Amino acid sequence: MKKKQLVPIFLCSCIIWSLGNGLLPLLPIYAKQLGASATIIGYYLAISYAALAAGTLSAGWLADLFKSRKLLLIIAGFINVFVLFFLGYFLKIKYLIILTSVIWFLGGLSIALLWTITGMYADKNERGKIFGLLALTSGIGSIIGGLTFGNFADLYGFQTLFKLLSVFAAICPIITFLIDDKKVKSVLWNESSSINRSLKFGKCFLLLIIVGFLGGFVFLLGRLGISLAMNIRGFKLIEISLTTAVGGLVSLPFIYMIGWLADKFGKIKLLSVCFILGTTSMIVLIHSSVFYHFIIASAILILLSISQNIGAAFVTDLVPKQKLGKSISIYTASNWLGGIIGFALGGIVIQNFGLTYAFILCAIIPIFALLFLSKIQFSFPEK
């Protein structure tokens, strides 16, 4: 894959993940300031991630409609700028939910489009490495967002933070002009909606969707748990953000290494490692009480999130290119759908039983993911 194509994709992805990972630990605190309970916060984040899933699922259909992924990325980027600017002006939880949902919808749409373009241009023998490189943008985004967003919110308030982020977000659609895009080949939606039946490896694809769902459940409920646990223990916003930033920094070398190892040893094996790390992160969180405990847990949890990128690379191996856009959209949406259920169910569990039980739930779920991955490995053996 040529550098002139990879660099703008990488930079756009960095900006999108900086916004997402930087805001995610702060939005529950902001919602709490507006009077939301733990249950309402769970529903708020669930609705936001439902919008994220909707944006991801609509990427393939909208790309067909616009006949250009690049144009769609540019339009989404500029809309995001305006929504971020006005996010701090509406001080009721219902408006926060609506505007956050729009931002998350555009984020899901943009990530799915970027991954589809990457899959179109990446050679088969380097897909793990390329998607692993894109996984770095999540860690880099955690560092950028974690080092700056919480500090600005503490010093100047959320309204000033959202104005600053709107300027930062404007860089993304400008960079998008540098991305090359292959012409979209139309595929009927009713054909792609039964994609698991039409693909040679449809069973593997279906199991991979389930695995993606479980990964999203654990990762996003884990992120919510870290924010709420630190808030309960009296940590400041800057400390909560720093947990994300330092965790992202610590995980960076391991993220790229996992992408490289996926090409060398097989993507299913590395997906299994990611889920084992997910359980490890939850065990650490159960016993966390001081700042560095949360940093360690955050770093390990970020490594679980790489499963999304490795899974997307595996989807690229499984499906024909004319169906790649919708296939990656469906797979990526499964991660966000897991987050929706995780937030909604997690908010109820936290409200009624406490954070510890939510962490125990998240520690058990990866075991089921490992069982599904073993079935995929049996049906589609890798080197």
Percent breakdown of C-alpha pair distances by 20 Å bin, ordered from the shortest bin, for the chain:
31, 61, 8
Taking protein heavy atoms only, a 1.4 Å probe, and rounding to whole percent, the accessible area of the range 269-375 owed to carbon and sulfur comes out at 76
Ranked order, 249, 19 - accessible area, probe 1.4 Å, largest first:
249, 19
Grab the eigenvalues of the alpha-carbon gyration tensor for the range 248-367, scale each by 5, take roots, and send me the semi-axes largest first in whole angstrom.
28, 19, 11
Residue-wise HN-Hα coupling along the range 108-118, computed from phi with Karplus coefficients 6.51, -1.76, 1.60 (Hz; x: Gly, Pro):
x, 4, 5, 4, 4, 5, 5, 5, 5, 4, 4
With a cut-off of 8 Å between alpha carbons and a minimum separation of six or more residues, what is the relative contact order of the chain in percent?
30
Selection of trypsin sites (Lys or Arg not before Pro), the range 64-101, meeting DSSP coil and at most 10 other Cβ within 10 Å:
92
Please identify every one of the chymotrypsin sites (Phe, Trp or Tyr not before Pro) in the range 62-129 that sits in a loop by DSSP and has no more than 15 other beta carbons within 10 Å of its own beta carbon.
90
If each part is reduced to its alpha-carbon centroid, the range 25-59 and the range 157-181 end up apart, in Å, by 21
Per residue, how large is the accessible surface of the range 1-155? Use a 1.4 angstrom probe and give square angstrom.
36
Rough spin-label spacing in nm, given labels placed 7 Å along Cα→Cβ, for residue 368 and residue 98
3.5
Accessible surface, the range 319-360, averaged per residue in Å² (probe 1.4 Å):
34
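The values are calculated or read from the model by the stated rules, or taken from the named source; none is laboratory data. It should be emphasised that the depicted structure is a prediction, and the values quoted were computed from it without experimental measurement. When we count neighbours, we look across all protein chains shown, and the Cβ atoms used for this are built from the backbone with ideal geometry, even at glycine. Keep in mind that these areas ignore ligands, DNA and RNA; they rest on the heavy atoms of the full protein, side chains included. Shrake-Rupley method; radii C 1.70, N 1.55, O 1.52, S 1.80 Å.
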